[in-house]
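For reference, the structure discussed in these notes is given below.
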Amino acid sequence: MTTEPVDEVARIVEAWHRERPDLDVRPMEVLSRVSRLARHLDLARRATFAEHGLETWEFDVLSALRRQGEPYRMSPGALLTETLVTSGTMTNRIDRLAEHGLVQRMPSPDDRRGVLVELTDEGLARVDAALASLLRAEQGLLAGLSGADVRHLADLLRDVLAPFDAG
């Protein structure tokens, strides 16, 4: 007979079962673990990005540009959509990234008043190195699962998140 590992969430759920048997606490078994995992992931990401001299928000902007493919450029408006921040916040972020030599502003060829944001060679090197480190850290977080389990978990989480992403 195999026993399931007991974690902090299992202890909390057991206590609620005992104290409030009239309530269905099954959502806690999933969502409290997701919340705890999110904290561990946030810590791992921050540490990984710090190794590369980046803040989380810097990685977010640089990776949005990197995913575009060559020439790794986007309008500030497109970056807003990708990173879900306000216009003022994005302007500040672009300014700071430009000061650090990670991006540069270029005139838009399609709009004389428009600007495009482009990764510099340093920005490209930094985001590529940070991504490789991030993936190693994330693989470590999932090390206890088989490849099939990771796929199954990804599918289940996609199903949970899909209604939120659709809106």
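Any read-out appearing in this document is the output of simple, stated calculations on the displayed coordinates, not a laboratory observation. Keep in mind the model is a prediction, meaning the values are calculated, not measured. Backbone-built Cβ (ideal geometry, glycine too); neighbour counts: all protein chains shown.
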remark   = Once normalised by the length of the chain, the mean sequence separation of its alpha carbon contacts under 8 Å that are 6 or more apart gives a contact order in percent of 19 percent
inquiry  = I'd like to know which of H17, M28, V127 lies farthest towards the positive end of the charge dipole of the chain, counting +1 on Cβ of Lys and Arg and -1 on Cβ of Asp and Glu.
reply    = V127
query = Taking amide H positions as placed 1.01 Å from N in the peptide plane, with prolines and chain starts having none, which residues 5 or more places from V103, or on another chain, fall under 5 Å of its amide H?
reply = A98, T120
query = Once every DSSP H run of n ≥ 4 in the chain is given -39500 (n - 2.57) and the sum is divided by its residues, what mean residue ellipticity at 222 nm do you get, rounded to the nearest 500 deg cm²/dmol?
reply = -22000 deg cm²/dmol
inquiry  = Given a Förster distance of 30 Å, report the FRET efficiency between E138 and V6 from their Cβ-Cβ distance, rounded to the nearest 0.05.
reply    = 0.75
task = Taking the Cα centre of the stretch 90-167 as origin, sum charge times position over the Cβ atoms of Lys and Arg (+1) and Asp and Glu (-1), and report the length of that vector in debye to the nearest 20.
result = 160 debye
ask   = Amide H to amide H under 5 Å from V115: which residues, 5+ apart in sequence or cross-chain, H placed 1.01 Å off N in plane?
value = S108
request  = Calculate one ³J(HN,Hα) per residue across the stretch 138-153 by plugging θ = phi - 60° into the Karplus curve 6.51 cos²θ - 1.76 cosθ + 1.60, and present them in order as whole Hz with x for glycine and proline.
outcome  = 5, 4, x, 5, 9, 4, x, 10, 6, x, 5, 5, 4, 4, 5, 4
key: Net lengthening on full extension, R33/D95 (0.36 nm per residue, minus Cα-Cα)   = 18.6 nm
key: Full-stretch length increase - F164, E122 - with 0.36 nm per residue and alpha-carbon distance subtracted   = 11.6 nm
inquiry  = Restricting to DSSP loop positions (anything but H, G, I, E, B) with no more than 14 other Cβ atoms inside 10 Å of their own Cβ, which trypsin sites (Lys or Arg not before Pro) remain in the stretch 87-167?
reply    = R112, R113
query = With charges set only on the Cβ (+1 for Lys and Arg, -1 for Asp and Glu), what does the dipole of the stretch 1-104 come to about its Cα centre, in debye to the nearest 20?
reply = 140 debye
request  = Report the full-extension gain for the segment R20 to S87: residue separation times 0.36 nm, less the Cα-Cα distance, to one decimal in nm.
outcome  = 19.5 nm
Inter-site label distance for R105 and A50 at 7 Å from Cα along Cβ, in nm = 3.2 nm
